[in-house]
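Notes for the one structure printed next.
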Amino acid sequence: MVKLDTLPVVRVQANGAELCVEALGERGDPPILLIMGSGGSMEWWDDEFCERLAAGGRFVVRYDHRDTGESTTYPPGSPQYTGTDLIDDAVAVLDGLGLERAHVAGLSMGGALAQVLALDHPERVASLCLIATSPAGPDKDLPGMAADDAARLNAIPAPDWSDREAVIDFLVDYSRAVAGRSRPFDEARHRRMIARAYDRSPSFESTNNHHLIDGAPRWRERLGDLKVPTLVIHGREDPLFPHGHGVALAAEIPGARLLTLEHAGHELPREDLDVVIPAILELTAP
């Protein structure tokens, strides 16, 4: 099977930015657009996850957000775009590849973008797969982060963003802190992936710009308007968006199904792919 690191990338123009896009699989297969979370380039979509979807007969598309990877970057602390622009970027990726409609999977912030994409551009979205994400926040009925989890994250010191090894160590520690605790953490795999992401970015500090942008207008009250098949995947041990966020999403989107990963945190672990891949292939079947 073709490996992702052998594929040529495509450059897509999107509202004044250039986005780096990569696709795997047969062009005629049902397309799946993958939207990563805050600060995440395409590397954060695990290669094995993408390759197994493609082997299942899907045309898999992943891309670098603005301020990540090889897409347009802005000065640290000065993003020149909004959350709505990031949603429009997803549309631009579909346009750039000539895809009228796609199944859309989003993780964390990417799941929020996917929800609004489906609400604002329903003709472009065939189904939704919402991973480790939330319908809103912070709402009083949604569980907040546990105090010990917050303390663990706050105890990780910010790195010198120009120091490659310090940044890799920081993001490995962060990834460990948000992962499920009932399974061993695969540090070596995370370290390799983060190193690759760092090396592809001309200004890795700019990934923090995602935390500064204006988000999309509130959308939770519109979730009942969604009319596409939806799969919600959520880790029982997610510290950032505790499991109740996934439960709420599945309850408020008509016909949505909740797949709980009992030992997962704020992540999509390889150990769960034997369950996750068949579920997504079923969701996206022609």
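The values are calculated or read from the model by the stated rules, or taken from the named source; none is laboratory data. A quick note: this is a predicted structure, and the numbers were derived from the prediction, not measured. No Cβ is skipped: glycine too gets one built from the backbone with ideal geometry, and neighbour counts run over all protein chains shown.
Output the number of residues of region 110-124 satisfying the condition of being within 16 Å of the chain's Cα centre (by Cα) and either at pLDDT below 95 or surrounded by fewer than 24 Cβ atoms within 10 Å (Cβ to Cβ) (or both). Give the steps one after another, and end with the answer.
We begin by selecting, within region 110-124, every residue within 16 Å of the chain's Cα centre (by Cα); these are 110-118.
Now narrow it down to the ones that are either at pLDDT below 95 or surrounded by fewer than 24 Cβ atoms within 10 Å (Cβ to Cβ) (or both): 116.
Result for region 110-124: 1.
Enumerate the pairs (first residue in region 251-265 and on the phi > 0 side of the Ramachandran plot; second residue anywhere and surrounded by 16 or more Cβ atoms within 10 Å (Cβ to Cβ) and outside any loop (DSSP other than H, G, I, E, B)) with beta-carbon separation below 9 Å, excluding pairs fewer than 6 apart on the same chain, so at least 6 apart or on different chains.
Close Cβ pairs satisfying both conditions: G255/T230.
Mind checking whether some residue in region 97-107 is in contact with an Asp or Glu (Cβ under 9 Å, 6 or more places away or on another chain) and part of a loop (DSSP other than H, G, I, E, B)?
Step one: of region 97-107, the residues in contact with an Asp or Glu (Cβ under 9 Å, 6 or more places away or on another chain) are 100-101, 107.
In the following step, the residues that additionally are part of a loop (DSSP other than H, G, I, E, B) were identified as 100-101.
For region 97-107, residues in contact with an Asp or Glu (Cβ under 9 Å, 6 or more places away or on another chain) and part of a loop (DSSP other than H, G, I, E, B): present.
Out of the residues in region 125-165 meeting the condition of being over 16 Å from G265 (Cβ atoms) and acidic (D, E), tell me which one is surrounded by the fewest Cβ atoms within 10 Å (Cβ to Cβ).
Here the residue is D141.
Could you check how many residues of region 80-97 are touching a Leu at 6+ places or on another chain (Cβ under 8 Å), farther than 15 Å from G37 by Cα and surrounded by fewer than 21 Cβ atoms within 10 Å (Cβ to Cβ)?
Of the residues in region 80-97, the ones touching a Leu at 6+ places or on another chain (Cβ under 8 Å) are 83, 86-87, 89-94, 96.
Of the ones still in play, those that are also farther than 15 Å from G37 by Cα are 91-94, 96.
From what is left, the residues that are surrounded by fewer than 21 Cβ atoms within 10 Å (Cβ to Cβ) are 91-92, 96.
Within region 80-97, residues that are touching a Leu at 6+ places or on another chain (Cβ under 8 Å), farther than 15 Å from G37 by Cα and surrounded by fewer than 21 Cβ atoms within 10 Å (Cβ to Cβ) number 3.
How many residues are more than 17 Å from the chain's Cα centre (by Cα) and not small (G, A, S) if we restrict to region 261-281?
Taking region 261-281 first, the residues more than 17 Å from the chain's Cα centre (by Cα) are 262-263, 271, 274-275, 278-279, 281.
Now drop any that are not not small (G, A, S), which leaves 262-263, 271, 274-275, 278, 281.
Counting residues in region 261-281 that are more than 17 Å from the chain's Cα centre (by Cα) and not small (G, A, S) gives 7.
Looking only at region 233-279, filter to residues that are over 21 Å from R183 (Cβ atoms) and aliphatic (A, V, I, L, M); which one of those is surrounded by the fewest Cβ atoms within 10 Å (Cβ to Cβ)?
A251
G137 versus (1) in a loop (DSSP other than H, G, I, E, B); (2) under 21 Å from V232 (Cα atoms); (3) under 14 Å from the mean Cα position of the chain (by Cα): which is the lone unmet condition?
Only one criterion is unmet by G137, namely (3).
So, D89, is that one of a type in the set (D, E, K, R) and in contact with a helix residue (DSSP H, G or I) (Cβ under 8 Å, 6 or more places away or on another chain) or not?
On the way: of a type in the set (D, E, K, R): yes; in contact with a helix residue (DSSP H, G or I) (Cβ under 8 Å, 6 or more places away or on another chain): no.
It is false that D89 is of a type in the set (D, E, K, R) and in contact with a helix residue (DSSP H, G or I) (Cβ under 8 Å, 6 or more places away or on another chain).
Within region 195-216, take every residue that is free of Cβ contacts under 8 Å to residues at least 40 places away in the same chain and not charged (D, E, K, R) and give me the one that is farthest from W161 (Cα to Cα).
To start, the set of residues in region 195-216 that are free of Cβ contacts under 8 Å to residues at least 40 places away in the same chain comprises 195, 198-199.
Those left that are additionally not charged (D, E, K, R): 195, 198.
Numbers: A195: 13, Y198: 10 Å.
Checking each candidate, the answer is A195.
Quickly run through region 56-78 and pick out the residues that are surrounded by 24 or more Cβ atoms within 10 Å (Cβ to Cβ) and either hydrophobic (A, V, I, L, M, F, W, C) or free of Cβ contacts under 8 Å to residues at least 12 places away in the same chain (or both).
Within region 56-78, V60, V61 qualify.
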